[in-house]
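To keep things clear, I will list the structure first and then write my remarks on it.
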Amino acid sequence: MKPQYMLIRDQILQLIEDGILKAGEKLPSEIEMAKKFKVSRETFRSAVKLLEKEGRLVVKRGAGTFVVKALPNIPNRLEKLGSVTNMIKSAGLNEGERRESIRLASCTKEWAKALQLKEGDSVIVNERIRTANDEPTVVSINIIPEHIIGRDILKEKVIGSLFAYLEEHCQVYITSADAELNVPLHTDIQCQKLLIRPETTVLMMKQLHYNRLNEPVLYSMDYFRNDVFQFTIRRVRN
């Protein structure tokens, strides 16, 4: 016979799958739920911990427990250069964004070296969280020289695909990119915005994008949730 907390887990999961508890919905308090299922708070808490580990619930400290809708894997070939917007849409999901900040900044030493600028030159820094079906999946940080993109972008509420924006408003067409992959620590402030489940890991892709003249025009850092995005590459033996 299953332990009692497993039986409660099964009942909560059934409520989620039947649509009685909907994605994004906040569960009643622990006291109320324990009373509803006629179990101790400790037993209910154990059921919640298991569902959180399985990615069906998320406990947000100080806010409560919420239902999570599992997202399908978003496949992407590393040889293929495309926007995050298109990656999400190609999986049949609704793409969105949450603006963190967009600002005019002085070019750092790292950015200057990559973009062939002088340290202190003006750049636009665009930081946002990309969502799939309203769930955070990517943190994007984009650095673009001001002389390329101008300041009108600072007034935009939603940008969507930056590739498309550069083409439409700046006549800049990105053709290639150099990419570097890293696995950042969970303590990274950008990772913290995506770690909605205990088992979630993050892949950081740092890229320098080039236009048709092979000039660097965009420096980006994208933090992808590994439980959502699946990157593959074909390797050829010499």
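Descriptive notes on the structure:
- Residue within segment 53-68 that is touching a residue at least 60 places away in the same chain (Cβ under 8 Å) and either within 14 Å of the chain's Cα centre (by Cα) or closer than 19 Å to His209 by Cα (or both) present: no
- Some residue of segment 205-218 being within 30 Å of Val58 (Cα to Cα), among the aliphatic types (A, V, I, L, M) and in the same structural domain as Thr131 (by TED's automatic domain parsing): yes
- Residues satisfying the stated conditions in segment 60-90, i.e. in contact with a strand residue (DSSP E or B) (Cβ under 7 Å, 6 or more places away or on another chain), among the aliphatic types (A, V, I, L, M) and surrounded by fewer than 18 Cβ atoms within 10 Å (Cβ to Cβ): Leu78, Leu81
- Filter result for Pro136 (within 14 Å of Glu100 (Cβ to Cβ) and assigned by TED's automatic domain parsing to the domain that holds Glu215): yes
- For segment 214-238, taking the residues that are under 12 Å from Gln116 (Cβ atoms) and out of contact with any strand residue (DSSP E or B) (no Cβ under 7 Å at 6 or more places or on another chain), the one that is surrounded by the fewest Cβ atoms within 10 Å (Cβ to Cβ) is identified as Asn214.
- Restricting attention to segment 91-112 and to residues that are touching a Lys or Arg at 6+ places or on another chain (Cβ under 8 Å) and not in a strand (DSSP E or B), the residue that is surrounded by the fewest Cβ atoms within 10 Å (Cβ to Cβ) turns out to be Ala112.
The values are calculated or read from the model by the stated rules, or taken from the named source; none is laboratory data. As the structure is a prediction and not an experimental result, all values here were calculated from the model. Heads up, the Cβs are rebuilt from the backbone with ideal geometry, glycines too, and the neighbour counts pull from every protein chain shown.
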